[in-house]
Amino acid sequence: MYAVIGAGPMGLATARNLSKYDIPFIGFDLNSDVGGLWDIDNPHSTMYQSAHLISSKGMTEFSEFPMPDEVATYPHHSEMKRYFQAYARHFDLYRHYEFSTRVVRVEREGDGWQVTTERDGETQSRHFQGVLIANGTLHKPNQASLPGKFEGQLMHSCEYRDASVFDGKRVLIVGCGNSACDIAVDAVHRAASVDLSVRRGYYFLPKFIGGKPTDSIGG
């Protein structure tokens, strides 16, 4: 018996492959449903209202479970949540998971691992042959320590939900990752001004070139 920690995209892909080869496992997730960060209703999600997939659906979908034709080329986070739920239903993955469950400890035990979980205030320890960890890399913010004193509002992108927070403000966005670019586009429609601070030069590509998703064209 194996343990899978997480029911986001990677956790589900892991669960699907174990299931495909009849390898017994139990999945655990803090949330009450699948989807990981793509479920904005997940209390642990860092998703924001305007978020869309940065890559096109054709380059992102599971090959054995294509996204429906009616789904946008760059799906909204709500479409991604529905897609992962449909994936879990289609491959009967829900029955393997224990939701609203926190993994509090993983310890070596003989040739395997002892996994201790907590749910509704009760703890349980079980032995597993192996543990596959898919708890996500973006679960907790990496908050930079900035010198000097700043009297304005300082927030990490994980706290951002809606562009109304920028109404009438001068906004400085530090960084140029996917979230930073999305938030800059949101802010420019609401803020008094928006500046983007980056350490090096960047190339900004349109989502479509010649009517095709840019990431499908190649280097």
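The values are calculated or read from the model by the stated rules, or taken from the named source; none is laboratory data. As the structure is a prediction and not an experimental result, all values here were calculated from the model. Don't worry about glycine lacking a Cβ; one is built from the backbone with ideal geometry, like all the others, and counts go over all protein chains shown.
Please name all residue pairs, on different chains or six or more residues apart, with Cβ atoms under 6 Å, provided the first residue is in segment 36-65 and is farther than 21 Å from residue 176 by Cβ and the second residue is of a type in the set (D, E, K, R) and surrounded by 21 or more Cβ atoms within 10 Å (Cβ to Cβ). So the pair list comes out as 38/81; 39/81; 45/39. Please verify whether segment 200-211 includes one or more residues that are outside the structural domain of residue 56 (by TED's automatic domain parsing), in contact (Cβ under 8 Å) with a residue 12 or more places away in the chain and touching an Asp or Glu at 6+ places or on another chain (Cβ under 6 Å). So far as segment 200-211 goes, no, none of its residues is outside the structural domain of residue 56 (by TED's automatic domain parsing), in contact (Cβ under 8 Å) with a residue 12 or more places away in the chain and touching an Asp or Glu at 6+ places or on another chain (Cβ under 6 Å). Quick check, is residue 86 within 21 Å of the chain's Cα centre (by Cα), within 30 Å of residue 185 (Cβ to Cβ) and at pLDDT 95 or above? So residue 86 fits the description; yes. When 121, 130, 112 are checked against the criterion of being loosely packed, with under 15 Cβ neighbours inside 10 Å, within 21 Å of residue 17 (Cα to Cα) and out of contact with any helix residue (DSSP H, G or I) (no Cβ under 7 Å at 6 or more places or on another chain), a single residue qualifies: 130.
Filtering segment 87-146 to residues that are among the acidic types (Asp, Glu) and free of Cβ contacts under 8 Å to residues at least 60 places away in the same chain leaves 107, 109, 111, 118, 120, 122.
For residue 54, indicate whether it is assigned to a loop (DSSP other than H, G, I, E, B), more than 30 Å from residue 216 (Cβ to Cβ) and not hydroxyl-bearing (Ser, Thr, Tyr). The answer is no for residue 54. Mind checking whether some residue in segment 176-183 is closer than 22 Å to residue 144 by Cα, without any contact (Cβ under 8 Å) to a residue 40 or more places away in the chain, surrounded by fewer than 14 Cβ atoms within 10 Å (Cβ to Cβ) and not assigned by TED's automatic domain parsing to the domain that holds residue 51? So far as segment 176-183 goes, yes, one or more of its residues are closer than 22 Å to residue 144 by Cα, without any contact (Cβ under 8 Å) to a residue 40 or more places away in the chain, surrounded by fewer than 14 Cβ atoms within 10 Å (Cβ to Cβ) and not assigned by TED's automatic domain parsing to the domain that holds residue 51.
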